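Taken together, the values in this text are just the output of simple stated rules run on the coordinates, not laboratory data. As the structure is a computational prediction, the values presented were derived from the model and not from experiment. Every residue, glycine as well, gets a Cβ built from its backbone with ideal geometry; the counts of neighbours run over all protein chains shown.
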Amino acid sequence: MNCFKCLAMAAVVGTCLAVTAPKAQAQVVVGIGAAPICPYGYYDYAPYSCAPYGYYGPEWFTEGVFIGAGPWFRGHAEFRGHVDNHYDVQHGYRGPMPNRGDRSEPTKRPGMTANFKGNEVRDGRGHSGESGH
């Protein structure tokens, strides 16, 4: 009988402690940090890798400086710019890629893509549409 009373008392104490224990609230802090320094811009989805020359059209650059994509987008709310998603790794591109901190090649100045033919329109925040809309 003493054993039963001890077990019952332990169960009651354990239940009381479980019910009255304060609940921890999770706090999520997202630090975006500085935009990647990429010579031809970066993809508008995580992990925001550098995009190759020819992915973005000239409207994505102001005086050779990329206006941004994803969380660092600095264009106006109605901005729409052309991209050529054939140069997107999510669409199978496996060609040469610049690294963060690389400089653009002199013959491939940012925003001056010769004969650029975009096939998709994007808004810099990851939303896309058909070219011409």
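Odds and ends about this structure:
- Inter-site label distance for R100 and S128 at 7 Å from Cα along Cβ, in nm: 2.3
- This ranking places I32, I37 by how few other beta-carbon atoms lie within 10 Å of each, fewest first, which gives I32, I37.
- Our coupling estimate for region 100-114, obtained by passing each phi through the Karplus curve with A = 6.51, B = -1.76, C = 1.60 and θ = phi - 60°, is 4, x, 5, 9, 6, 6, x, 7, 10, 6, x, x, 10, 5, 5 Hz, Gly and Pro reported as x.
- Pairwise FRET efficiency - F79 versus K108, Cβ, R0 = 25 Å, nearest 0.05: 0.60
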